[in-house]
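Laboratory data are not the source of any read-out in this text; all were calculated from the coordinates shown. As the structure is a prediction and not an experimental result, all values here were calculated from the model. Backbone-built Cβ (ideal geometry, glycine too); neighbour counts: all protein chains shown.
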Amino acid sequence: MHEYMIPLWVIGVIIALVFHAMGVKLARDGDIAGVCTGVARRFDLSVGGVQLLWFLWLLCGGGGFITYIACWCLLNEEDEDEEKPRKRKRK
C-alpha cells in the first residue's frame, strides 16, 4: 500500500541540506540551538511563526524533530558580526 513512501528522516536531512545550500546559519541568540531564529532571519520571517510551523511539523509524525536535529548538525553558526540586525529608528 505504501511502497513508495519516503522515510521522514530522509525528508529531514534533505530540508537541512537545502537550508545549508541557501546559506541559513544558526543564530547565536536562539532559544535552543538557533535553528528557528536562523531560518527566520534568512527568509525574513517572524521567529514565532517559524517555531509554530516547526512545532506543527513535529506533530506530523515527528518529522520536525529529525529536521531540527539535522539542521543543528549541518548548519554553520553565524559570525559575530552577523548577529542580530539592528532595527532602524523611525522618524
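The simple spin-label model puts a point 7 Å past each Cα toward its Cβ; for Leu56 and Asp31 those points are separated by 1.6 nm. Put simply, the amide H of Glu77, placed in the peptide plane, has neighbours under 5 Å in Leu26, leaving out anything fewer than 5 places away on its chain.
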